[in-house]
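Read the structure below first, then the notes.
A short reminder: the numbers here are calculations on the coordinates, not readings from a lab. Because the structure is predicted, anything quoted here is derived from the model rather than measured. Cβ atoms come from the backbone with ideal geometry, glycine included; neighbour counts cover every protein chain shown.
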Amino acid sequence: MNKAELINAIAAEAGLTKVDAKKALEAVVKSVSDALVAGDKVSLVGFGTFSVAQRASRPGINPATKKAITIAAKKVAKFKAGAELSAAVN
């Protein structure tokens, strides 16, 4: 499902126009992104938890030259599915 299909599904499920569904989706995505940038965790009970994790620097290999390189440390976004979502998928 891509963004346009998700907007259509939200509009149909919530009885909204596609314009309102798009605004709602963009507001949710922005709110989650802003919270993660601020270092907060976003928990949606039954759905899952979005969080930020720190990855340490680690050794790697440049596939083009086969030389050893160091992959820099960075922060990454993580998602852990909630119990209800996990049960629905299984």
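What residue among V37, V29, V19 has the largest mean-square fluctuation in a Gaussian network model of the chain, using Cα springs under 10 Å?
So, out of V37, V29, V19, the one fluctuating most is V19.
Once you keep just the Cα pairs under 8 angstrom separated by 6 or more residues, what percentage relative contact order results for the stretch 1-51?
On the way: 29 pairs, mean separation 10.1, N = 51.
Relative contact order for the stretch 1-51 comes out at 20 percent.
In degrees from 0 to 90, rounded to the nearest 10, what is the angle of the helix 3-14 Cα long axis to the longest principal axis of the chain?
30
In the set (i) 15.3; (ii) 12.6; (iii) 16.1, which value of Kirkwood radius over Cα pairs in Å was calculated from the structure you see?
(iii)
Against the longest principal axis of the chain, how steep is helix 18-37, in degrees 0 to 90 to the nearest 10, with axes from Cα atoms?
40
How high is the relative contact order of the chain, in percent, counting Cα pairs under 8 Å that sit 6 or more residues apart? Could you put the intermediate results ahead of the total?
Numbers: 102 pairs, mean separation 18.8, N = 90.
In percent, rounded to a whole number, it is 21.
Let me check against my output: what whole-number percent is the relative contact order of the stretch 41-90, with C-alpha pairs under 8 Å and at least 6 apart?
Values: 77 pairs, mean separation 20.9, N = 50.
42 percent.
Within the chain, what's the longest run with no trypsin sites (Lys or Arg not before Pro) in a DSSP loop and at most 16 other beta-carbon atoms within 10 Å? Give the range, please. The partial results should precede the final answer.
Details: sites that count: K41, K66, K67.
Excluding the exposed sites themselves, the longest stretch runs over 1-40.
Specify the residue with the greatest mean-square fluctuation among G39, G48, G15, computed from a Gaussian network of the chain linking alpha-carbon atoms under 10 Å apart.
G15
With runs of 4+ DSSP H residues as the only contributors, calculate the mean residue ellipticity of the chain at 222 nm using -39,500 (n - 2.57) per run, divided by the residue total and rounded to the nearest 500. Could the numbers behind the result be given before it?
Numbers: 3 runs with 39 residues, N = 90.
The helix-only estimate for the chain comes to -13500 deg cm²/dmol at 222 nm.
Checking the table K3/K75; K18/K78; K41/K75; K18/K80; K22/K75; K3/K23 against a 18 Å threshold on Cα-Cα, which pairs fail? Walk me through the numbers on the way to the answer.
On the way: K3/K75 25 Å; K18/K78 29 Å; K41/K75 14 Å; K18/K80 29 Å; K22/K75 28 Å; K3/K23 12 Å.
In this structure, K3/K75; K18/K78; K18/K80; K22/K75 exceed 18 Å between Cα atoms.
With point charges of +1 on the Cβ of Lys and Arg and -1 on the Cβ of Asp and Glu, referenced to the Cα centre of the chain, which listed residue (M1, A27, I69) lies farthest in the positive direction of the dipole?
In the chain, that residue is I69.
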